[in-house]
Amino acid sequence: MAETTTNTPARPGRLREFWRYFRENRGAVIGLYVFAAFVALALGADLIAPHDPTVQDRTATLLPPAWSEGGSWSFPLGTDPLGRDILSRLLHGARYSFFVGIVVVVIAATGGILLGLIAGFAPKWLDTIIMRIMDIILSFPSLLLALVLVAILGPSLLNAMIAIAIVLQPHYVRLTRAAVMTERTKDYVVSARVAGAGRARLMFITVLPNCLAPIIVQAALSFSNAILDVAALGFLGMGAQPPTPEWGTMLAEAREFILRAWWVVTFPGLAILITVLSINLMGDGLRDALDPKLKRS
C-alpha cells in the first residue's frame, strides 16, 4: 500500500519567533548588544584591567585621561584622588553591579511570585492581608524605604541587596496575582482541576508557565532599578564600602573633586547611565516580543 505524505509547513520555534519580534525594535537590539558588551567586559575584567582596582599610587593622583594634557596611557581614563586607575575600577565595578542585579532580581522574583501565586489561589481574607501588606510597602518611596532597611541592618553591599529586593518584591506580587486571577478561570485550568490536579500542581505546573511573560519583562526592568538603587545607596555611604570598586561608591569618593577633575565622576556616571539605558531598551523589546497584544501578524 503506497504511503501518502503531506508536507506541512513547520511552525517556527518559539525562540526564533521571539527573536523575530524582538529584533523589530531596533533600540532593544542595540540595548542587547551594549549590555552583552558590558557583561563581556565584566567577565574579563581580570584580563582587561591594566591595574589592580584597589592599589593606590600616591604619585599619580587625579591624573587626567590619556588623551588630555598631562595624561598617561598607563591610566587610559585617568586616576582618582587616591591614585587608583579609573578604568580598572569601572571594569571590576561592572561585576558588582551585575551581581547585585542578578541577586536582587532572583530574591525579589522568587518571593514575589510565590506570594502572588498564594494570593491568587488563597481565600479572600488571606489574599486581602497579603495585598494590603504589599500596598503598605509600595506607599513608601522605594529609595527611602531601602535606606531605612539598610540603616536597621547595617551598611554593607549584602544588606543593600536585601533591602532593594524587599522594596521591589511587591511589583512581582501584584503582577503575578493579576496574571493568576486572569488564568485561573480559563478552560484549561478548570479541566485540570476537574481531572484531580492538586492545588500545588495547579499553581506551579498549570498556571505559572502562562504567567511568565509579564514577569520576565518586570525582571528586566527590576535589574536596571537594582543597579540604580545600589549605586544610590553606595553614593550615600549605605551600600558597598570603600575600597570596593562599586560605581556608586566611586561617585561618592569623587564628589569633592568634581570641579577639579571632571573625569572622576563622569566615567562612573556614564557607566551607570549606559548600562541602565541598555537594560531598559531591552525591557521594551521583551515587552513587545512577549505580549501577544503587541505582536503584528
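Looking for whichever is free of Cβ contacts under 8 Å to residues at least 60 places away in the same chain and under 30 Å from I48 (Cβ atoms) here; the options are L126, L157, L145, L91. Which one fits?
Answer to the selection: L91.
Among the residues of the stretch 226-247, which ones are aliphatic (A, V, I, L, M) and assigned to a helix (DSSP H, G or I)?
Correct list: A226, I227, L228, V230, A231, A232, L233.
Here are the criteria: (1) without any contact (Cβ under 8 Å) to a residue 40 or more places away in the chain; (2) at positive phi; (3) touching a helix residue (DSSP H, G or I) at 6+ places or on another chain (Cβ under 6 Å). Tell me which single one G78 does not satisfy.
Unmet condition: (1).
Consider the stretch 74-93. How many of its residues are of a type in the set (A, V, I, L, M), farther than 14 Å from T266 by Cα and surrounded by fewer than 23 Cβ atoms within 10 Å (Cβ to Cβ)?
Of the residues in the stretch 74-93, 1 are of a type in the set (A, V, I, L, M), farther than 14 Å from T266 by Cα and surrounded by fewer than 23 Cβ atoms within 10 Å (Cβ to Cβ).
Looking at L277, L281, which is the one that is part of a helix (DSSP H, G or I) and surrounded by fewer than 20 Cβ atoms within 10 Å (Cβ to Cβ)? Walk me through it before giving the result.
Working: L281 fails: surrounded by fewer than 20 Cβ atoms within 10 Å (Cβ to Cβ).
After applying the criteria, what remains is L277.
Residues being hydroxyl-bearing (S, T, Y), loosely packed, with under 15 Cβ neighbours inside 10 Å and part of a helix (DSSP H, G or I): count how many of those fall in the stretch 150-186.
1
Given the residues Y172, Y96, which is the only one that is modelled with pLDDT of 95 or more and among the aromatic types (F, W, Y)?
Numbers: Y96 fails: modelled with pLDDT of 95 or more.
Only one candidate passes the filter, namely Y172.
Working carefully through the options A240, A213, A226, A197, find the one that is surrounded by 23 or more Cβ atoms within 10 Å (Cβ to Cβ) and at pLDDT below 90. So that I can check it myself, show each step before the final result.
Numbers: A213 fails: surrounded by 23 or more Cβ atoms within 10 Å (Cβ to Cβ); A226 fails: at pLDDT below 90; A197 fails: surrounded by 23 or more Cβ atoms within 10 Å (Cβ to Cβ).
Of the residues listed, the single one that is surrounded by 23 or more Cβ atoms within 10 Å (Cβ to Cβ) and at pLDDT below 90 is A240.
Considering only residues that are in contact (Cβ under 8 Å) with a residue 24 or more places away in the chain and assigned to a loop (DSSP other than H, G, I, E, B), look in the stretch 248-263 and name the one that is surrounded by the most Cβ atoms within 10 Å (Cβ to Cβ).
A261
Regarding D127, is this residue surrounded by fewer than 19 Cβ atoms within 10 Å (Cβ to Cβ) and touching a helix residue (DSSP H, G or I) at 6+ places or on another chain (Cβ under 9 Å)? Write out each step before concluding.
Values: surrounded by fewer than 19 Cβ atoms within 10 Å (Cβ to Cβ): yes; touching a helix residue (DSSP H, G or I) at 6+ places or on another chain (Cβ under 9 Å): yes.
So D127 fits the description; yes.
Residue check: is D291 surrounded by 15 or more Cβ atoms within 10 Å (Cβ to Cβ), among the acidic types (D, E), touching a residue at least 24 places away in the same chain (Cβ under 8 Å) and touching a helix residue (DSSP H, G or I) at 6+ places or on another chain (Cβ under 9 Å)? Spell out how you get there, then give the answer.
On the way: surrounded by 15 or more Cβ atoms within 10 Å (Cβ to Cβ): no; among the acidic types (D, E): yes; touching a residue at least 24 places away in the same chain (Cβ under 8 Å): yes; touching a helix residue (DSSP H, G or I) at 6+ places or on another chain (Cβ under 9 Å): yes.
When the stated conditions are applied, D291 does not pass them.
The values are calculated or read from the model by the stated rules, or taken from the named source; none is laboratory data. Model, not experiment: these values are computed from the prediction. Reconstructed Cβ throughout: ideal geometry from the backbone, glycine too, with neighbour counts over all protein chains shown.
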